[in-house]
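J.: Shown below is the structure under consideration.
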Amino acid sequence: MAKSGEAVSPVISQIVDTARAVETKINGLKKPEMKFPLRNLSNVRYSAKKGHFEMLGKKKERTLAVSTVKSFAQTMRMIALSKQMIETDERASKRDAYYQTKAWAEARCDEQPESDAILDDIEGLFGVNKEQLCFTPDEHGGLVAGELVVVDRAEVGSNATIDIDCTKFGSGAYGIPSDVEHLKFKTKAKFILCIETGGIFERLNRHRFWEKADCILVSMAGVPTRSVRRFVRRLADDKKIPVYVFVDCDPYGIANIYRTLKVGSGNNAHLNEFFCVPQARFLGVTPQDILDYDLPTHPLKDVDIKRAKDALKNDPFFQHYPEWAKAFELLLKMGKRAEQQAFAAHSLNYVMDTYLPAKLKNPKSFLP
Amino acid sequence: MSKKNVRAKSPQPSLFDATASEPEPAAAPVKAAALPVAPEAPEDDAEELAAAEPVRKAPTRRATAESLAEKQREISVSEFFVKNRHLLGFDNKQKALLTAVRECVDNSLDACEEAGILPELRIEIRELAEERFRIAVEDNGPGIVKAQIPKIFGKLLYGSKFHRLKQQRGQQGIGVSAAGMYGQLTTGKPVTIVSRTSPQAAPHLFEVTVDTRKNQPLVLKEEKTEWEKAHGTRVEIEMEASYKKGRRSVDDYVEQTALSNPHCRVLYSPPGQETITYERAVHELPEEAKEIKPHPYGVELGRLMRMFQDSQDRHISTALKNDFSRLTPKVVDDILKIAGVSPKARPRDLDTPAIERVHKAFTKVKIMAPPTNCLSPVGEEALLKGLRLRFKADYYDAVTRPPAVYRGNPFQVEVALAHGGSLPAEELIEVFRFANRVPLQYQASACAVTKAVLSVDWRSYGMQMSKGALPTGPMVLMLHIASVWVPFTSESKEAIAHYPEIVKELRLALMEVGRRLGLHIRRGKREAAEAKKRGYIDKFIPHIGIALKEILNLKDKETDRVVANLKTVLERSRENMV
């Protein structure tokens, strides 16, 4: 992935070209238009070879008309803001960008999701990521603990580096920064374990599970942010180590968290290439585990059922793997879901002492 | 309820039979309390009772006809009322207050209009103690002659209205005396009446109660008094009641009365509050409603029999011509021919089968619809003026339908509405129902008016409406039925019966105002959308100019040109869209 500094001129020229095209159309007394890639699952396909979602060519055309004049104006102004930041090497978080719009009088955004959507559109329009447009995500990264040394720069702009030993955070952990492109890694760990909840991460970290299992623990805290995905991807690529994912057994854990980590999302599919971890495998909790480990369950909610059916019907990734279709069908048949923490029903450390070791004996059995 | 039904089925009809056939006591109570009362035929009734017993097991006789006869006696209408006061609208304390005020106001307005006086009413409600009120209704009407006062206020079913086919508020002559009797029942206090017929005549004060056993007035006090009014009547009733605000309250009643009587000025003093004045919206009296003779289509057999009995005419042909509307000599001949009755027959001598044949013959000949000058609608203009005075809306409309007829009774429907403005937009619309200018506040769902409103698809007129509910939106709807005989479903005059002719007229009126409302709403929506688009263009185009200027480093002149061109482009597309 190109760093923002190197990409300055191509992005600027893209911006200028777009604006020029709009101006020319208007002065020719024609309605200007902009084309954005469609940002949903209908515009992606799963490439098994590349291991992530690829964008299809579907685009939506935003022709300037009375009904679109507001969003057209907002998009243009956001592009102008981006250009100005690139030229002055300035950065704005998504929240900053939202507040910047407040200076646009009637064209201001009332809520941040509005300005976020504009940023997503612009990313798609130019086929670059936000960072290249000088916008940074507000999202927090995940946490890391275990057999890993992260090599970071000592200071912004300096060439000196520092080593961060992820075994030495005690009961705390290393926080993944939003920009991970410059990081380097030292590790002899056998695998990376990505965990959905902070609760399980804390338990494993407290008991130094990473020591016993010789691994790196990553807490994703829900759907992994771009920087977490990028961090795990770079680490796994760099050190050639496998990635296992441990999430709740419900459609959200599987279809949203795991799927997004592994192959990316439908939103901004042009960036999935960088923000995905194709080598990730699904350790658990699987629907079969519910039966095998006799886990306490909750009934699937309506939204769960809808999400599961939607995954089966519309998600190119799950459609690609019959194993997943089977797993979803079992889940729907049981009508139940189980959380990672459900192992505590047997004993507090059951997950660490029994479940994970048993599972890790046979990584081949993990779902794709 | 129709008069026919009244006679045939329920208990209250005999009340009216009682008056209608004047004071012969035997006629009054026949079925009143569902007891075998007719003194001349006790055995029959006893046998009927016996026959009703199961046949299989012979029961022991508990009483003989003679022993039953000892318990059988006449029931006065007043006693009947005491037991069945809900029939007249005195079923609970809140409603009793409303009914009492309403009966007094009805009488006052009827009297003023009949005398040709622009009415000015004063309505006072004073709270004496918890659940104890004294109401007073005062008018500037013609007053009541001294001799009549006791009977009007101290005798049920005494009045001038029942025998007449004329559009009036009161119909039966029960109301005000029943209100007085309710007061008497709950507090033991008499009704106080002050009345004066002219500046020359002295005002009289009466205190009257009803002797419920005999249905006769008892005058407790009668004296000359002082009164500043030149003419008019003041009635005071003390009663157990409860005063509440909101729907179905007296407050609402007074407000609605002002709405349906825009020629009337009302001073209203609710308990413990400032006096509210409802000024006149129009300053002319409504056209006086003419009294008409019954139309043959609307006459029941029983009534016909009585009419013939009372007739002074020597020949039935004359009687028919004189006592009915729209019976021309030719039509009378046809009727009698079909009935096989000689035109020379004396009406009083006709036997029941012959009268039945005449009655049947009515339906077999074509008779012109009854005259409609007997109706006095509020009128579109007055309705609009009233609405404008009471509601701040931005659209008003009213329609008065041409007169129509149900069962030989002329009637006329009016609909008025106010829409938009400060009316609540998120609530169900308010529907005000009126019969002969009297607000109907109870039993909305049983009423033909409500049925008609619900049967119209308001969505096609741009209103929101969910199934089975009134439409939602900033609107009040006023519906008025004027008729010489409004077919109420009960004697408490709360809901109008579902006659197809009436529902049809209501629907036609509603659809007429509805269509025009639809045009108004759509025009409004279109204008709003237009203005919004206009605003959009003006608001956001400059931002596109700014962005292009920033990105392309345009000069001001270049920027202005882009903005101007963009406006042209969008204006053109806007025109295409509209």
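J.: Keeping to region B:451-486, report how many residues are in a helix (DSSP H, G or I) and in contact (Cβ under 8 Å) with a residue 24 or more places away in the chain.
T.: Total satisfying the criteria: 7.
J.: Residues that are within 9 Å of chain A (Cβ to nearest Cβ), open to solvent by less than 60 Å² (accessible area, probe 1.4 Å) and farther than 30 Å from B:K451 by Cα: does region B:515-531 have at least one?
T.: So the first thing to find is which residues in region B:515-531 are within 9 Å of chain A (Cβ to nearest Cβ), and the list is none.
No, region B:515-531 has no match at all.
J.: B:K321 versus (1) in contact (Cβ under 8 Å) with a residue 12 or more places away in the chain; (2) within 20 Å of B:G408 (Cα to Cα): which is the lone unmet condition?
T.: (1) is the only condition that B:K321 fails.
J.: If I filter region A:279-304 down to residues being part of a strand (DSSP E or B) and within 25 Å of the chain's Cα centre (by Cα), which single residue comes out as nearest to A:L235 (Cα to Cα)?
T.: Taking the candidates together, the pick is A:A280.
J.: Give the residues of region A:10-30 that are loosely packed, with under 13 Cβ neighbours inside 10 Å and assigned to a helix (DSSP H, G or I), sorted by residue number.
T.: Across region A:10-30, the qualifying residues are A:S13, A:D17, A:T24.
J.: Let me ask another. Return a yes/no flag: does region B:522-536 have any residue that is assigned to a loop (DSSP other than H, G, I, E, B) and more than 30 Å from A:I86 (Cβ to Cβ).
T.: no
J.: Next question. Going through B:I367, B:I355 one at a time, which residue ends up being open to solvent by less than 70 Å² (accessible area, probe 1.4 Å) and at pLDDT below 90?
T.: B:I367
J.: Then there is this: List every residue pair whose Cβ atoms sit under 9 Å apart, with the two residues 6 or more apart in sequence or on different chains, where the first one lies in region B:508-523 and is free of Cβ contacts under 8 Å to residues at least 40 places away in the same chain and the second, anywhere, is of a type in the set (S, T, Y) and open to solvent by 10 Å² or more (accessible area, probe 1.4 Å).
T.: B:L519/B:Y461
J.: Let me ask something else about it. I want to confirm something. Restricting to region A:107-119 and keeping residues that are part of a helix (DSSP H, G or I) and open to solvent by less than 80 Å² (accessible area, probe 1.4 Å), which single residue is nearest to the other protein chains (Cβ to nearest Cβ)?
T.: A:A107
J.: Ok, one more. Within region A:48-97, how many residues are open to solvent by 80 Å² or more (accessible area, probe 1.4 Å), more than 11 Å from chain B (Cβ to nearest Cβ) and not in a loop (DSSP other than H, G, I, E, B)?
T.: 4
J.: Name every residue in region B:546-568 that is more than 9 Å from chain A (Cβ to nearest Cβ) and at pLDDT below 90, in order of residue number.
T.: B:K567
J.: Further question: State yes or no: is B:H543 within 14 Å of chain A (Cβ to nearest Cβ) and either within 29 Å of B:L87 (Cα to Cα) or open to solvent by less than 40 Å² (accessible area, probe 1.4 Å) (or both)?
T.: For B:H543, the condition - within 14 Å of chain A (Cβ to nearest Cβ) and either within 29 Å of B:L87 (Cα to Cα) or open to solvent by less than 40 Å² (accessible area, probe 1.4 Å) (or both) - is met.
J.: OK, next. Looking at B:R314, B:R326, B:R306, can you tell me which residue is closer than 30 Å to B:A369 by Cβ and in contact with a His (Cβ under 9 Å, 6 or more places away or on another chain)?
T.: B:R326
J.: Six or more apart or on different chains, Cβ under 7 Å: which pairs go from a residue in region B:60-84 that's touching a residue at least 24 places away in the same chain (Cβ under 8 Å) to one that's assigned to a helix (DSSP H, G or I) and open to solvent by 50 Å² or more (accessible area, probe 1.4 Å)? Could you list them?
T.: Here the result reads B:E74/B:P25; B:V82/B:L185, each pair linking region B:60-84 to a residue that is assigned to a helix (DSSP H, G or I) and open to solvent by 50 Å² or more (accessible area, probe 1.4 Å).
The values are calculated or read from the model by the stated rules, or taken from the named source; none is laboratory data. Computed from a prediction, not measured in an experiment: that's the story for all the values here. Cβ coordinates were reconstructed from backbone atoms using ideal geometry, including for glycine residues, and neighbour counts include every protein chain displayed. Remember, those area values only see protein heavy atoms, side chains included, never the ligands or the DNA or RNA. Shrake-Rupley method; radii C 1.70, N 1.55, O 1.52, S 1.80 Å.
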